[in-house]
Ligand SMILES: Cc1cc2nc3c(=O)[nH]c(=O)nc-3n(C[C@H](O)[C@H](O)[C@H](O)COP(=O)(O)O)c2cc1C
């Protein structure tokens with residue numbers, strides 16, 4: 001099964017991604033990986049750290065002369081700010097006594113958990129009163145490694161002409177009211193907007209919301225959408241709870257830091273409607289798309305999945321991000337050492353991460369879809385997959 005792991009602390013030396021069971025024979029573009037890393041770092045509402053990072057990926061293993069080998073792929077993204085964190089974050093040596101004023105503050109300022117973050121639960125669970133031991137890994141800096149891995153999975157999907165996009169539907173109270181947004185419109189417009197929204201007027205409203213939140217020391221959430229087109233019918237399976245593709249996609253989306261809700265297709269809205277207004281009637285055209293075997297729908301309220309399997313329509317999945325937990329006007333909390341009332345810590349932080357979370361969403365969806373694709377068509381070599389895929393599409397039905 002194609003899967004990936006990440007390692008690395010937010011201010012550690014580097015982040016690491018490792019992909020297993022990736023097929024041999026695919027030419028990988030490092031530029032494409034780096035482009036995705038740059039997209040993750042963008043977006044109006046990000047914090048000062050984005051200016052330092054400028055992430056770049058380096059492949060350590062699993063490729064030879066640019067081509068995947070079928071062996072585990074390891075990727076490293078070095079922390080460009082490591083020299084400033086080495087004394088605090090060295091994996092072996094104890095914290096040095098020769099800290100500058102900023103380092104001293106960072107070393108001692110980690111006992112007041114942020115409501116809404118992993119700080120308190122992690123501290124109790126892992127038996128530490130130094131919240132940095134938890135927040136370093138809970139931080140969504142980890143998503144850089146996800147994006148690098150997702151960019152490799154995305155190149156496999158791209159080889160089979162499966163396309164993926166994302167865009168932002170709402171930030172705070174500013175939201176897209178237009179329901180029909182074509183895939184190609186997202187391709188051409190989303191990345192031109194600083195908030196990754198296709199409508200310039202709504203983008204301006206979103207930026208105004210973010211500016212106001214920043215001024216008030218507050219943060220904002222929102223909703224983003226990922227779409228995948230040109231999928232073959234029949235990825236995933238209804239056979240077991242864990243083989244259902246909708247379950248895997250929702251779990252992957254939910255695992256993104258700050259995501260608190262996921263829906264596929266009309267999701268929550270369909271719960272209030274009658275079946276006749278929810279389900280997508282079926283039609284057939286012998287000359288229709290070979291990937292859906294000629295079957296098609298005039299609507300796509302199901303969002304491309306029925307019975308835990310792709311149905312040949314575009315996959316539409318949305319995620320709701322809560323406003324992030326690090327507030328510059330911090331909430332009340334309790335100091336974990338002396339148990340007295342306090343104000344939560346204020347690490348350098350973003351105001352709104354929804355545009356970046358959408359890029360992470362693409363990476364997670366790419367991973368899950370590449371896994372489903374190779375589950376069905378094999379994961380040893382590209383040639384084997386191509387042969388199996390072609391045979392599937394040609395099989396008489
Ligand atoms: C791309 C991205 C960047 C994030 N940046 C921050 C941040 O700067 N400050 C913060 O408090 N939370 C940030 N978050 C959210 C936290 O990581 C998240 O809220 C925290 O780990 C707790 O997990 P939960 O919200 O899923 O419960 C970010 C999330 C994403 C997806």
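Please treat every number below as a calculation from the coordinates, not as lab data. Just so it is clear, the structure is predicted and the values come from calculations on it, not from any experiment. Cβ coordinates were reconstructed from backbone atoms using ideal geometry, including for glycine residues, and neighbour counts include every protein chain displayed.
Among 245, 315, 282, which one moves the most in a GNM of the chain with springs linking Cα atoms closer than 10 Å?
Checking each option, the largest mean-square fluctuation is seen for 282.
What's the whole-number percent of alpha carbon pairs in the chain lying beyond 32 angstrom?
Percent of Cα pairs beyond 32 Å in the chain: 39.
Relative to the first principal axis of the alpha-carbon coordinates of the chain, what is the inclination of helix 200-215, with its axis defined by its Cα atoms, in degrees from 0 to 90 and to the nearest 10?
So the inclination is approximately 20 degrees.
Tilt of helix 354-377 relative to the longest C-alpha principal axis of the chain, in degrees (0 to 90, nearest 10)?
That works out to roughly 50 degrees.
Helix 382-394 against the longest principal axis of the chain: what's the angle in degrees, Cα atoms only, rounded to the nearest 10?
That works out to roughly 40 degrees.
So for 85, 241, fewest C-beta neighbours within 10 Å to most, what's the order?
241, 85
How far, in nm, would the chain grow between residue 81 and residue 7 when pulled straight, counting 0.36 nm per residue and subtracting the alpha carbon separation?
In short, 24.9 nm is gained.
With Rg and the Kirkwood Rh both taken from Cα atoms, where does Rg over Rh land for segment 174-215?
Radius of gyration over Kirkwood radius for segment 174-215 works out to 1.02.
How far, in nm, would the chain grow between residue 101 and residue 54 when pulled straight, counting 0.36 nm per residue and subtracting the alpha carbon separation?
14.3 nm
Based on the alpha-carbon gyration tensor of segment 5-128 and its eigenvalue square roots a ≥ b ≥ c, which shape applies: rounded if a/c is under 1.5, prolate if not and a/b is larger than b/c, or oblate?
prolate
Can you give me the C-alpha center-to-center distance between segment 112-165 and segment 320-356, rounded to a whole angstrom?
Taking the Cα centre of segment 320-356 as reference, the centre of segment 112-165 is 17 Å away.
Among 362, 347, which comes first, then next, by fewest other beta-carbon atoms within 10 Å?
347, 362
Return the distance in nm (one decimal) between the two label points of a simple spin-label model at residue 159 and residue 108, each offset 7 Å from Cα along Cα→Cβ.
Reported label-point gap for residue 159 and residue 108 is 5.6 nm.
To the nearest 500 deg cm²/dmol, what mean residue ellipticity at 222 nm is calculated for the chain from DSSP H runs of n ≥ 4 alone, each contributing -39,500 (n - 2.57), summed and divided by the residues?
-10500 deg cm²/dmol
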